[in-house]
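Novice: Here it is: the structure, laid out below.
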Amino acid sequence: MRVPSFKNLLSTKCLNEIIENGGPSINGVKIFDCTYSVNAKPDWKNFQMNELGRFDELMKKSSKHKEEFLKCHIPHAYHFDLDCAMFPGRYERFSFYQPEFFEIYAQKLGINKGDHLVFYSRGPYNGMMFSAKTFWLFKCYGHKDMSILDGGFAKWCKDGFKTECGTCSENVEMGNWSGSDNFSINVKYSELIKKDDSGKDMFEQTSSTVFLDARSENVYKGSVETGLNPYFVDGSYIPGTINIPANEFFKEDGTFKEADVIKNVINKRNINIIDENGKQKKQIITFCSTGTQATILNFALENIYPNIETKLWNGGLKELEVRNPKRISGKDF
């Protein structure tokens with residue numbers, strides 16, 4: 001099925017037309033509300049011992065984000081829960097399941113091979129942060145046919161389109177979707193600290209790799225609370241990294257800015273993404289605190305520059321806080 005969009009962005013008008021013209025099921029589309037309420041990291045040892053991979057039990061758990069979904073959501077939407085799709089690891093707030101486990105959760109949501117997945121959310125970054133995270137998550141498992149609703153749930157409501165409450169009106173049948181290992185689009189901590197022939201690791205060679213920190217400018221500079229433990233972390237950023245706040249990519253109505261405008265945001269930081277032949281110049285790695293808002297950068301850059309590949313450091317600064325907090329030594333305060 002053809003989904004009219006600007007690459008992987010879907011307008012509220014287009015999604016409404018899909019719903020009005022026979023509904024998502026007929027059109028081979030499944031809509032997911034990816035709203036998530038940020039909470040403290042659960043005890044990772046206890047979780048892995050008692051809850052890891054037990055999706056039936058995890059899907060029954062109550063949460064603020066599930067309550068928001070049940071109260072009001074886009075017609076035909078299913079609830080996608082990041083607390084089911086990922087798990088707390090020793091170093092990461094959100095760790096990846098192996099494909100054979102993640103696909104069980106996806107199948108329980110009724111996802112089939114060939115489905116076009118549409119993600120939306122509400123909350124931070126105009127409701128775009130968790131839909132971008134979910135988009136990247138499915139990309140990690142090899143899914144290609146998917147879109148993000150531009151402007152999220154807030155734009156949908158502002159445009160006056162219908163909503164519904166309760167669970168999805170359609171019975172959820174077990175899907176046949178299968179995932180694959182596409183984790184190479186992420187960079188592991190072990191890769192970041194691997195030393196080359198000169199005896200330097202990637203953190204020590206930020207001139208040859210573009211490290212993009214997606215946190216807001218005041219958090220990056222440490223003028224406000226960073227969420228990092230001050231007893232272990234002396235600074236607020238990794239020296240040599242470049243701050244591109246994800247919120248600079250959005251208009252006031254919550255939709256993405258035009259490509260040329262976002263390119264200007266990038267260019268004013270003197271970042272050369274591509275050369276004169278349109279080829280990628282350097283490896284690009286995005287990160288933030290827990291690998292969430294950084295996915296907005298990945299999504300935007302790969303839409304604007306279709307011939308480049310970006311990578312996500314999923315563990316981010318919270319992982320570094322545990323492994324080697326002295327690396328976070330940059331400060332402007």
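Novice: Using the alpha-carbon atoms, what tilt in degrees (0 to 90, nearest 10) does helix 294-304 show relative to the longest principal axis of the chain?
Specialist: Here the helix axis deviates by roughly 80 degrees.
Novice: For residue 247 and residue 164, compute 0.36 nm times the residue count separating them, minus their Cα-Cα distance, and round to one decimal in nm.
Specialist: Between residue 247 and residue 164, full extension yields an extra 27.0 nm.
Novice: Using just the helices of the chain, give the 222 nm mean residue ellipticity in deg cm²/dmol: DSSP H runs with n ≥ 4 each add -39,500 (n - 2.57), and the total is spread over all residues, rounded to 500.
Specialist: Roughly -8000 deg cm²/dmol at 222 nm, from the helical runs in the chain.
Novice: So, counting K/R as plus one and D/E as minus one, what does the shell of residues with Cβ under 10 Å around residue 229 add up to?
Specialist: 0
Novice: Spelling out what I want: for every residue of the stretch 126-136, take phi, set θ = phi - 60°, compute 6.51 cos²θ - 1.76 cosθ + 1.60 (Karplus), and round to whole Hz; glycine and proline get x.
Specialist: 3J(HN,Hα) across the stretch 126-136, in whole Hz: 6, x, 9, 5, 7, 6, 5, 5, 5, 4, 5.
Novice: Mean-square fluctuation check for the chain, GNM, Cα pairs under 10 Å: which of 145, 115, 260 is largest?
Specialist: 260
Novice: Out of all DSSP beta bridges in the stretch 186-327, what portion is antiparallel? Express it as a percent rounded to 5.
Specialist: That works out to approximately 15 percent antiparallel.
Novice: Given Cβ point charges of +1 (Lys, Arg) and -1 (Asp, Glu) and nothing else, what value in debye, to the nearest 20, does the dipole of the chain about its Cα centre take?
Specialist: Its charge dipole is roughly 480 debye.
Novice: While we're on this one: Under a Cβ-only charge scheme (Lys and Arg +1, Asp and Glu -1), can you give me the dipole magnitude of the stretch 209-333 about the Cα centre, in debye to the nearest 20?
Specialist: My answer is approximately 400 debye.
Novice: Ok, one more. Report relative contact order for the chain in percent, whole number only (criteria: Cα-Cα under 8 Å, sequence separation at least 6).
Specialist: 19 percent.
Novice: Counting Lys and Arg as +1 and Asp and Glu as -1, each charge on the Cβ, what is the dipole of the stretch 9-183 about the Cα centre in debye, to the nearest 20?
Specialist: The calculated dipole for the stretch 9-183 is roughly 480 debye.
Novice: Right, another one. Alpha carbons only, please: Rg and Dmax for the stretch 236-333, in angstrom.
Specialist: Using the Cα atoms of the stretch 236-333, the pair Rg, Dmax is 14.3, 41 Å.
Novice: I would also like to ask the following. Picking from 199, 238, 301, whose Cα lies most toward the positive end of the charge dipole for the stretch 186-327 (charges on Cβ: Lys, Arg +1; Asp, Glu -1)?
Specialist: 199
Novice: Let me ask you something else. Work out how far the C-alpha atoms of the chain reach from end to end along every principal axis, then list the three figures in whole Å, largest first.
Specialist: 59, 49, 36
Novice: What FRET efficiency comes out for the pair residue 232/residue 113, r = Cβ-Cβ distance, R0 = 51 Å, nearest 0.05?
Specialist: 0.65
Novice: Then there's this: Can you list residues whose amide H is under 5 Å from residue 95's amide H, if they're 5+ apart or on another chain and H is modeled 1.01 Å from N?
Specialist: Those lying under 5 Å, H to H, from residue 95 are 87, 89.
Novice: Which pairs break 27 Å Cα to Cα here: 263/318; 251/326; 221/257?
Specialist: The pairs that break the limit, which is 27 Å between Cα atoms, are 263/318; 251/326.
Novice: What percent does the relative contact order of the stretch 1-153 come to when contacts are Cα pairs within less than 8 Å and at least six residues apart?
Specialist: That works out to 32 percent.
Novice: Specify the residue with the greatest mean-square fluctuation among 101, 232, 87, computed from a Gaussian network of the chain linking alpha-carbon atoms under 10 Å apart.
Specialist: Sorting by GNM fluctuation, first place goes to 232.
Novice: Provide 234, 56 in ascending order of the number of other Cβ atoms located within 10 Å of each residue's Cβ, fewest first.
Specialist: Neighbour counts put them in this order, fewest first: 56, 234.
Novice: Let me ask you something else. Taking the stretch 85-134, how much of its Cα-Cα pair set, in percent, is spaced more than 16 angstrom apart?
Specialist: 57 percent
Novice: Something else: Can you give the local net charge around residue 275? Use residues other than it whose beta-carbon is closer than 11 angstrom to its beta-carbon, Lys and Arg +1, Asp and Glu -1.
Specialist: +2
Novice: For the chain, set up a Gaussian network in which alpha carbons nearer than 10 Å are linked by springs, and say which option among 241, 286, 134 fluctuates the most.
Specialist: Looking only at 241, 286, 134, the largest GNM fluctuation is found for 241.
Novice: To continue, here is another question. What does DSSP give for the chain in terms of the percent of beta bridges that are antiparallel, rounded to the nearest 5?
Specialist: 25 percent
Novice: Tell me the net charge near residue 59. Cut-off is 10 Å between Cβ atoms, residue 59 excluded, with +1 for each Lys or Arg and -1 for each Asp or Glu.
Specialist: Taking every Cβ under 10 Å from that of residue 59, the sum is +1.
Novice: Next up: Taking N as the number of residues in the stretch 1-138, what is its Cα Rg relative to 2.2 N^0.38 Å?
Specialist: Compared with the compact-globule rule of thumb, the stretch 1-138 sits at 1.08.
Novice: Do any GluC sites (Glu not before Pro) in the stretch 172-224 lie in a DSSP loop with no more than 13 other beta carbon atoms within 10 Å, and if so, which?
Specialist: 173
Novice: Mind checking which of 310, 288, 171 is farthest towards the positive end of the chain's charge dipole, using Cβ charges of +1 (Lys, Arg) and -1 (Asp, Glu) about the Cα centre?
Specialist: 288
Novice: Could I ask something else about it? Provide Rg over Rh for the stretch 170-232; use the alpha carbon set for both Rg and the Kirkwood Rh (inverse mean inverse pair distance).
Specialist: Computed over Cα atoms, the ratio is 1.19.
Read the figures in this text as sums done on the coordinates, not as results from a lab. Model, not experiment: these values are computed from the prediction. No Cβ is skipped: glycine too gets one built from the backbone with ideal geometry, and neighbour counts run over all protein chains shown.
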